[in-house]
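Remarks on the structure that follows.
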Amino acid sequence: MNQIAVVILNWNGKSFLEQFLPSVTKYSGDARIIVADNNSTDDSIPFVKSKYPSVEIITLTENYGFAGGYNNALNQVDAQYFVLLNSDVEVTENWLTPMFNLLENDTKIAACQPKIKDFKRKSENYFEYAGAAGGYIDKLGFPFCKGRVFDTLEIDNGQFNDVSEIFWASGACLFIRAELYKSIGGLDEFFFAHMEEIDLCWRIKNQGYKIMYTPNATVYHVGGGTLDKTKPKKTFLNFRNSLLTLHKNLPKNKIFTTIFIRLCLDGVAGVKFLLEGKPMHTIAIIKAHFSFYGALKQNRLKRVPFKELLLAGMINKSIVWEYYLKKKKSFTDILK
């Protein structure tokens, strides 16, 4: 499997590299392992050089964020397949082989992800927020996963043990064809971080490719290692980038109505944050909207022709309605 380059984007993450790089080096066979450093100010790179001399290092001149960091790094990597792997992920034995086999056996599969479980609750066998058993999206562009709807996480009881087509694969552990990644322009660097893998997968699916989930590989993700979900900046990025993703990828006749509804629901979320005593998150939503408006002209130029309205992994329901009003908390209940 030396056609595979496992690329770990790092920013001041020495503690994660100390904790999780051992599993990557142990279980990745002859895949290339690369740490791409986003101009860290800690001693991450001296640590890797001294403890893991076989690990390749790409040093970036500034912090380009998740999207820009990966694009800049992967432009310097020659491989058949890329694996974008978060630094706070523990991999397990044989984690690469099932994903490699999927793409080798079907040229229409562009990317895939493994089963992603919660490192912090490993003994309880919970799925993890950022990917779980594969990403889906509802008719208003709200992302969710098999095993995770909004903040509700399910326990892995084998209910998602079938290889299946999904809408988006998690950027925490994304296995993708290198040539396609580069030809489609990689991740949108304006996003900086958050939602960029959903936008990437949507663009890929609009070109007729499939995104897959395999339960035959498992990784454990800490989550929130670089930017905690309690931070207003994360709220800003999530709300803005979600709107940008819709504006880029929806068919023209669906853009206005869908985004108008989303803006209204964002307003409800802003009020909810106020009532919870989190005014800085409300301000973050307002800033996200103004940033979205300011980026409309630039974003319009990035629009690509859509393949069809309902792609695999997209459901013609509102998970806001199903989750909050009908009280359906699991993926299976929502799809009934």
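Just so it is clear, none of the values below were taken in a lab; they were calculated from the coordinates. All values reported here derive from a predicted model rather than from experimental measurement. We place every Cβ from the backbone using ideal geometry, glycine too, and count neighbours over all the protein chains shown.
Quick notes on this one:
- Long-range Cα-Cα pairs in the stretch 232-335 (distance over 19 Å), rounded percent: 52
- Entry note, the stretch 1-88: relative contact order of 44 percent, from Cα contacts under 8 Å with a spacing of 6+ residues.
- Put the Cα centre of the stretch 88-135 next to the Cα centre of the stretch 190-217 and the gap is 14 Å.
- Beta bridge orientation in the stretch 67-226: antiparallel %, DSSP, nearest 5: 75
- Along the axis of the charge dipole computed for the stretch 4-221 (Cβ charges of +1 for Lys and Arg, -1 for Asp and Glu, origin at the Cα centre), the listed residues 77, 34, 134 are led at the positive end by 134.
- For the chain, calculated [θ]222 nm from helices alone, where every DSSP H run of n ≥ 4 adds -39500 (n - 2.57): -11500 deg cm²/dmol
- Close amide H pairs (under 5 Å, H built 1.01 Å from N) link residue 212 with 111, 112, 113, 166, residues at least 5 positions away or on another chain.
- In sequence order, calculated HN-Hα J values of the stretch 94-99 (Karplus, 6.51, -1.76, 1.60; Hz; x Gly/Pro): 6, 5, 7, 4, x, 6
- For the chain, the normalised intensity computed at q = 0.08, 0.14 Å⁻¹ comes to -0.35, -1.16 (log10 of I(q)/I(0), Debye sum over alpha carbons, equal scatterers, no solvent).
- Convex hull (Cα only) mean projected area of the stretch 155-291, reported in nm² to one decimal: 10.2
- Chain lengthening between residue 26 and residue 271 when straightened (0.36 nm per residue, less Cα-Cα): 83.4 nm
- Expressed to the nearest 5 percent, the antiparallel share of DSSP beta bridges inside the chain is 45 percent.
- Couplings for the stretch 148-160, taken from phi via the Karplus curve 6.51 cos²θ - 1.76 cosθ + 1.60 with θ = phi - 60°, read 7, 10, 6, 9, 8, 9, 9, 7, 6, 10, x, 6, 10 Hz in order; Gly and Pro are left as x.
- For the stretch 232-335, the dipole from Cβ point charges (+1 on Lys and Arg, -1 on Asp and Glu) about the Cα centre works out to 280 debye, to the nearest 20.
- Put a plus charge on the Cβ of each Lys and Arg, a minus charge on the Cβ of each Asp and Glu, and nothing anywhere else: the dipole of the chain about its Cα centre is then about 1400 debye.
- For the stretch 147-188, the spread of Cα positions along each principal axis, largest first, Å: 38, 23, 15
- Note on residue 150 and residue 3: the model spin-label points, each 7 Å out from Cα along the C-beta direction, lie 4.4 nm apart.
- For the chain, the relative contact order works out to 19 percent when only alpha carbon pairs closer than 8 Å and six or more residues apart are counted.
- Relative to the longest principal axis of the Cα atoms of the chain, helix 65-74 runs at roughly 40 degrees.
- Relative to the dominant Cα principal axis of the chain, helix 232-249 is inclined by about 80°.
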